Amino acid sequence: MSQHYLSSANDLQSMEAITKLMQEGIWSLSDMCTSLFNAHVDPVTDMCSNFQQIKGHIVRADRCLKESERLLKGKLTGLDECMVRLKKEQKHVRQEKQEKSLTIETLHRRKTSAEESLNASNAAVKQAERNQEAAEYELEKSEELKTSGKLVAIAGAVITVVPVVGWLAGPPIFCDGINTIVKAEYAIVNAKNEVKEYMSQVWKHTQNIKDYRSRISKTQNEIERTNQTLSNVQSNIEWLQQRLVAIGEIQHNFRRAVYHVNILSGRVNVLESHTGGCIYWEPVIKIIQEVGNAVITIANNQLLNGQNVPALINTLSENIRGLKALCTTPDHPEYVGYY
């Protein structure tokens, strides 16, 4: 995964949509507070004069909060799916790293074996070179013996023709001269072949070692990249886990806000049929405080902290404090009480 799930354009848009809905909800709650300030019982109808207006603000706030919670639920589903993909990727990368580690261990063993073979071949080359030196020395001698061997061969041939004595001494002398030449030439050829053979082995083992070193280096680089990928995946998983917790808390607070708005809606409904010439606001204000606390908690979350949110929070908080003060002031006892 090249970037965090919530760094995508679609995700930013969805968070902006949630923030916008939340702002509308806060605005509706603030407007509701303003309407409550201006509420009174009509002396003719004995009904709350601006009930429909208050009810409309509550309905809009409820709609915005519920829609925000729905979007958050979809976002959490997307995050869960992303976590599943990350876990699969993490498992795959770990397996890949394990395979590369086994590969590099095998390459190291083969390189060590090739180095041992190279050392043995180098020793064999040195021995073959010594053999070659000895063979070259024998070659020198053989060159001398070659000349003397020819003389001996001639002498042997001459002696051979001498009656009785030549028949006995001539042939052995002739054969010894020929054997000396053949052995010297064979020793030279054999020494050269040995040097050539062992040098070929040295070249072969040297190339093998170079190949193993190259493959080891390449595999080590791959392991480093795999480690980096694994680190990135782990970082994304940790980041995503934090995101899941944070958005889960936001969703919980939205649900709490929706719950209290529903209660508020039920209590305000009493205003529609309220009689007696006065309105007892205490239970209404109390639940408004609960709604306000939940919404303010949501709005203070950095994930939803839009440009206009602080001002809206301040306005809502001031309105709630104003309503609470209105309920407790001795100058307006009609606002104190319970249904």
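A short reminder: the numbers here are calculations on the coordinates, not readings from a lab. All values reported here derive from a predicted model rather than from experimental measurement.
Assuming 0.36 nm per residue, please report the length gained on full extension of the stretch ASN301 to ASN119 beyond their Cα-Cα distance.
Values: separation 182, 0.36 × 182 = 65.52 nm, distance 6.90 nm.
Length difference between fully extended and current span is 58.6 nm.
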- Message: Please compare each pair in LYS55/LYS75; LYS100/LYS210; LYS20/LYS66; LYS66/LYS324; LYS20/LYS286; LYS97/LYS210 to a cut-off of 21 Å on the Cα-Cα distance and tell me which ones are over it.
- Response: LYS55/LYS75; LYS66/LYS324; LYS20/LYS286; LYS97/LYS210
